[in-house]
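Participant: Before I ask anything, here is the structure I am working with.
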There are 2 protein chains.
Amino acid sequence: MFYVIGLGLCDEKDITVRGLEAVKGCSRVYLEAYTSILMVQKERLEEFYGKQLILADRDMVETESDAILRDAEKDDVALLVVGDPFGATTHTDIILRARSLRIPTRVIHNASIMNAIGACGLQLYNFGQTVSLVFFTDTWKPDSFYDRIKENSDLGMHTLVLLDIKVKEQSEENLARGRKIYEPARYMSIPQAVSQLLEIEDSRKSGILDPDRTLAVAVSRVGGGDGNERIVAGSLAELKATPVDAFGQPLHSLVIVGKRLHHLEAEYAETFAVDAQSWREVARRVYECNFD
Amino acid sequence: MFYVIGLGLCDEKDITVRGLEAVKGCSRVYLEAYTSILMVQKERLEEFYGKQLILADRDMVETESDAILRDAEKDDVALLVVGDPFGATTHTDIILRARSLRIPTRVIHNASIMNAIGACGLQLYNFGQTVSLVFFTDTWKPDSFYDRIKENSDLGMHTLVLLDIKVKEQSEENLARGRKIYEPARYMSIPQAVSQLLEIEDSRKSGILDPDRTLAVAVSRVGGGDGNERIVAGSLAELKATPVDAFGQPLHSLVIVGKRLHHLEAEYAETFAVDAQSWREVARRVYECNFD
């Protein structure tokens, strides 16, 4: 059997009981370390599972799937994935490959940011398509995300924006020389994300992202409990002006609030507001929330 | 501490290790039995947790939240919820209530249909807003879901359609006489859902739902493993003509495939197709998927 097992969002205890049982019965266990970022070290997972883990980076899952799947028709093999297994395309690839080799497969689901984002108080039913925001450079500012946010915005829907991370990046020099030396990991912060959003708004001028009239909710480490999870709500201008530390540790995500905002959603999110009075004022005036 | 703990999608082993630890430490544990339907009996959960569970129906969670929250500022109390705690509005209500009573709260996330639907091979990024489809009667055929599907469809996005269930329904006579006698639970089947969708298309005539040209994927008991999980893909006409048994046990959900369908999504879903050749033909011709 080939298992693809979601680890959930935070640490070693977010695996399901079913997932843990499967891990304990496997002869090889791979830990995928690229589609997202673990909040715990590999060693802590190994201790908890009582198993050695084999790190599988992007190259390996994409190009060495047959090595991962070796003997899985008779032994149990698992690939562990942060969040849920269906967050990234690569897992459907390896499952298709397993099927073509007639290896039985089983997916063990878990929470991912795609559903846990409900923790901010905005209803999942009211979200449109999800977008990713990559680090801009001086010469490369891909802005197709803006069209997606506009499509959602025109329908009044919320947009989940996933912020870029850079891991295993090589400097141009190291890349040119073929040296596998990697830069420190970089995570986009909420103020930086808001700056990039407003930069594109400035050039596109559709009026969907307004510093003072567009509400947003920033989340990090959802489900991580006190001291880890942070949810911060405010106008884009307020979030941009908030010190980076207030948003907690990466990974960060941002929700652009759509105009269909219901007053119960606004009330729940208000508990996370930088300035509750200003949040409610914008929700009432711009989003036409009726709090009475 | 007041915990709201997601149980995931299938049975007692889908709780997370963190969730299980919390349950074991609680002095009272409520099991919410209405926003969705458990696939296992309460007794099986009780045996697994080594705890008695108190059933909390809709009335109780909505009107007796203070009874549920009693003493939670000093004891640990949990509310168990099928799927993830943020699938239904009611849980934000009780969390807000706990906060207003200054009771510390913690949410323990899990998979829900809102992210596990990725198991059908369609990318979560490409989903628009989610809709619910209720049982039509002769005189009541609410069709606002159609506007939402059209909004998604116009943008090429997929739509997750959650099918109605009726539990604790009373007959008109029993309701009139105030007798708490309930009808057997009813679950909308996939063919019935497709019939209702096409009935509204017939009256609205936007052309977004075509029996032969619109593809859809039906899922049931996602994550339930062999013998439980069923995924069936086909045109609306094919799904309507498929015997009910082929769709497995309830709960059922349906995805209306949007025009942005990528050929990799189509290829993955094709493994679940009623007729793989016809699936690929429609994907190529109508959805303009390029499989080469």
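The values are calculated or read from the model by the stated rules, or taken from the named source; none is laboratory data. Because the structure is a prediction, the values reported are computed rather than measured. FYI the Cβ positions are ideal-geometry reconstructions off the backbone, even for glycines, and counts take in every protein chain you see.
Table: residues versus (1) more than 11 Å from every other protein chain (Cβ to nearest Cβ); (2) aromatic (Phe, Trp, Tyr); (3) not in a strand (DSSP E or B).
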residue	(1), (2), (3)
B:Ala72	yes, no, yes
B:Leu80	yes, no, no
B:Leu96	no, no, yes
B:Ala111	no, no, yes
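Participant: Quick check on my filter: what residues within segment B:134-165 are in a loop (DSSP other than H, G, I, E, B) and β-branched (Val, Ile, Thr)? Please lay out each step first, then the result.
Facilitator: We begin by selecting, within segment B:134-165, every residue in a loop (DSSP other than H, G, I, E, B); these are B:134-143, B:155-157, B:164.
Scanning segment B:134-165 gives B:Val134, B:Thr137, B:Thr139.
Participant: With the requirement that a residue be small (Gly, Ala, Ser), over 20 Å from the mean Cα position of the chain (by Cα) and either closer than 26 Å to B:Ile5 by Cβ or part of a helix (DSSP H, G or I) (or both), what does segment A:11-60 give you?
Facilitator: Of segment A:11-60, the ones small (Gly, Ala, Ser) are A:19, A:22, A:25, A:27, A:33, A:36, A:50, A:56.
Keeping just the survivors that are over 20 Å from the mean Cα position of the chain (by Cα) gives A:19, A:22, A:25, A:27, A:50.
Answer for segment A:11-60, where residues must be small (Gly, Ala, Ser), over 20 Å from the mean Cα position of the chain (by Cα) and either closer than 26 Å to B:Ile5 by Cβ or part of a helix (DSSP H, G or I) (or both): A:Gly19, A:Ala22, A:Gly25, A:Gly50.
Participant: Which of the residues belonging to segment B:242-275 are in contact with a strand residue (DSSP E or B) (Cβ under 9 Å, 6 or more places away or on another chain), part of a helix (DSSP H, G or I), farther than 30 Å from B:Lys166 by Cβ and of a type in the set (A, V, I, L, M, F, W, C)?
Facilitator: Hit for segment B:242-275 is B:Ala266, nothing else.
Participant: Surrounded by 13 or more Cβ atoms within 10 Å (Cβ to Cβ) and in contact with a helix residue (DSSP H, G or I) (Cβ under 9 Å, 6 or more places away or on another chain): which single residue out of A:Gly207, A:Gly156 fits that description? Before the answer, list the steps.
Facilitator: Numbers: A:Gly207 fails: surrounded by 13 or more Cβ atoms within 10 Å (Cβ to Cβ).
A:Gly156 is the lone residue from the list that is surrounded by 13 or more Cβ atoms within 10 Å (Cβ to Cβ) and in contact with a helix residue (DSSP H, G or I) (Cβ under 9 Å, 6 or more places away or on another chain).
Participant: Go through B:Arg148, B:Arg186, B:Arg221, B:Arg213 for me and flag whichever is more than 30 Å from B:Cys10 (Cα to Cα) and touching a residue at least 12 places away in the same chain (Cβ under 8 Å).
Facilitator: Values: B:Arg148 fails: more than 30 Å from B:Cys10 (Cα to Cα); B:Arg186 fails: more than 30 Å from B:Cys10 (Cα to Cα); B:Arg221 fails: more than 30 Å from B:Cys10 (Cα to Cα).
B:Arg213 is the lone residue from the list that is more than 30 Å from B:Cys10 (Cα to Cα) and touching a residue at least 12 places away in the same chain (Cβ under 8 Å).
Participant: With respect to A:Lys166, determine if the residue is more than 22 Å from B:Val81 (Cβ to Cβ) and exposed (fewer than 15 other Cβ atoms within 10 Å of the Cβ). Before you say what the answer is, go through the steps one by one.
Facilitator: Numbers: more than 22 Å from B:Val81 (Cβ to Cβ): yes; exposed (fewer than 15 other Cβ atoms within 10 Å of the Cβ): yes.
When the stated conditions are applied, A:Lys166 passes them.
Participant: Further, regarding this structure: Considering only segment A:8-20, state which residues are modelled with pLDDT of 95 or more and more than 7 Å from chain B (Cβ to nearest Cβ).
Facilitator: Matches in segment A:8-20: A:Gly19 only.
Participant: So, B:Gly207, is that one more than 19 Å from B:His252 (Cβ to Cβ) and under 16 Å from the mean Cα position of the chain (by Cα) or not?
Facilitator: Values: more than 19 Å from B:His252 (Cβ to Cβ): yes; under 16 Å from the mean Cα position of the chain (by Cα): no.
Against the criterion (more than 19 Å from B:His252 (Cβ to Cβ) and under 16 Å from the mean Cα position of the chain (by Cα)), B:Gly207 does not qualify.
Participant: How many residues does segment B:114-127 contain that are more than 7 Å from chain A (Cβ to nearest Cβ) and under 19 Å from A:Ile5 (Cβ atoms)?
Facilitator: Of the residues in that region, 2 qualify.
Participant: Right, something else. Does segment B:61-75 include one or more residues that are of a type outside the set (Val, Ile, Thr), within 24 Å of the chain's Cα centre (by Cα) and at pLDDT 95 or above?
Facilitator: no
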